Amino acid sequence: MDTTLNVDLKKRLIRAQRCFSTLTDTELEELEGLFKEKRVTVGETIVTEGDIVDSVYLIVSGTAEVRHVYIENNAVKIQPLATLGPGEAIGLNETGFYSLSGVRTATVVAMTEVVLLRLSMAAFHGFALMNSHVSEVMRSYVRNLMSRES
């Protein structure tokens, strides 16, 4: 994992996220600058269920397992929920940010070496405040998506 992240790949991954698809090219370029590269090793926990959502991630390479970890009969149990790979997101879905409560709904663990793009929530909120139309664009996108599902 000693390669440098290709800038074009970074742009493609961010632009492929449906929740960002209606932002202008200028807004997307600004948003791209807020995503920071992070590398994790096999077995490393990326996010932990119950923690505050402080960032979202895009998987550049590698695989990660989404898990529900719980205690049953005084023993730790792990329930695998999904496997994520390149192009998929942690904490982000097609309508925007996955957790409405602001708390992680699952634990995600690296199954291989993983290269991620990390967007801190603080950076995103600053971006949305500096680009007042971003919040409205994302709300409008969600409304249109929900109306299609009805």
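The values are calculated or read from the model by the stated rules, or taken from the named source; none is laboratory data. Predicted model, so just to flag it, every value in this text is computed and none were measured. Neighbour counts are summed over all protein chains in view; Cβ atoms, including those assigned to glycine, are modelled from backbone coordinates with ideal geometry.
Details
- Verdict on Arg12 being exposed (fewer than 12 other Cβ atoms within 10 Å of the Cβ) and basic (Lys, Arg): yes
- Residue in the stretch 64-87 that is farthest from Ile14 (Cα to Cα), counting only those that are at pLDDT 95 or above and either β-branched (Val, Ile, Thr) or buried (at least 18 other Cβ atoms within 10 Å of the Cβ) (or both): Arg67
- Members of the stretch 30-49 that are over 14 Å from Ala123 (Cα atoms) and not in a strand (DSSP E or B): Thr41, Val42, Gly43, Glu44, Thr48, Glu49
- Cβ-Cβ under 8 Å pairs, at least 6 apart or on other chains, the stretch 16-37 side surrounded by 12 or more Cβ atoms within 10 Å (Cβ to Cβ), far side of a type in the set (Gly, Ala, Ser) and assigned to a helix (DSSP H, G or I): Thr22/Ser140; Leu34/Ala123
- The stretch 93-110 residues that are part of a loop (DSSP other than H, G, I, E, B) and surrounded by 15 or more Cβ atoms within 10 Å (Cβ to Cβ), paired with ones that are at pLDDT below 75 and among the small types (Gly, Ala, Ser) (beta carbon under 7 Å, 6 or more apart): Thr105/Ser99
- When the stretch 38-56 is filtered for residues that are loosely packed, with under 12 Cβ neighbours inside 10 Å and of a type in the set (Gly, Ala, Ser), the ones remaining, listed by number, are Gly43, Gly50.
- The residues of the stretch 92-128 that are over 16 Å from the mean Cα position of the chain (by Cα) and either modelled with pLDDT under 85 or closer than 22 Å to Ser61 by Cα (or both), listed by number, are Met111, Thr112, Glu113, Ala128.
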